[in-house]
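> Below you will find the structure I want to go over with you.
The values are calculated or read from the model by the stated rules, or taken from the named source; none is laboratory data. Every value quoted in this text rests on a predicted model; they were computed, and no experiment measured them. Here the Cβ positions follow ideal geometry from the backbone for every residue, glycine too, while neighbour counts run over all protein chains shown.
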Amino acid sequence: MTGVETRSVARDSLFLLADIRIEQGLDAHRVRVRNLSDGGMMAEGSLKVQRGNRVDIELRNIGIVPGSVAWVQDNRIGIAFDEEIDSQLARRPLQSDNLPAASLVKPSWAHRAPPPPEPGKLRKI
């Protein structure tokens, strides 16, 4: 593979879980979504599929998205969606009917950097 980018759609790396159903299968298989775009995704998991298999993917905040397997390599698969989605929705906090989305996630200040030291208190070496 070369360093030249050949994809026509930008993809964002992320870590997200999704459920996939293969063709007329009844069982849902949990996979890790490694990257997601409006037109497709790359998933990782112990899923036995072949190129061309029809799948339904259940994505957070989006719902069920139909598509087909574009490629398979080891435990990773590429899926092309039948229709484009708004992939940014999957990155947002889970929506709830009872609570507005902003109230579901509270900001955490536990990992903020400390304020810079005062220049007069710095020791010169």
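> When you scan segment 76-95, how many residues do you find that are out of contact with any strand residue (DSSP E or B) (no Cβ under 9 Å at 6 or more places or on another chain) and in a strand (DSSP E or B)?
The number of residues fulfilling the criteria is 0.
> Moving to a separate point now. Taking the stated definitions as given, is A113 modelled with pLDDT under 90 and within 17 Å of R30 (Cα to Cα)?
Answer is no for this residue.
> Would you confirm whether any residue within segment 47-61 is in contact with a Phe, Trp or Tyr (Cβ under 8 Å, 6 or more places away or on another chain), surrounded by 15 or more Cβ atoms within 10 Å (Cβ to Cβ) and touching a residue at least 40 places away in the same chain (Cβ under 8 Å)?
Checking segment 47-61: not a single residue is in contact with a Phe, Trp or Tyr (Cβ under 8 Å, 6 or more places away or on another chain), surrounded by 15 or more Cβ atoms within 10 Å (Cβ to Cβ) and touching a residue at least 40 places away in the same chain (Cβ under 8 Å).
> Those residues that are of a type in the set (S, T, N, Q) and at pLDDT below 95, I need them from segment 54-72; list them, please.
Once the filter is applied, which keeps residues that are of a type in the set (S, T, N, Q) and at pLDDT below 95, segment 54-72 yields only N61.
Every residue, every condition in (1) among the aliphatic types (A, V, I, L, M); (2) modelled with pLDDT of 95 or more, yes or no:
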| residue | (1), (2) |
| --- | --- |
| T6 | no, no |
| L14 | yes, no |
| S37 | no, no |
| N75 | no, no |
| G78 | no, yes |
| E83 | no, no |
| L94 | yes, no |
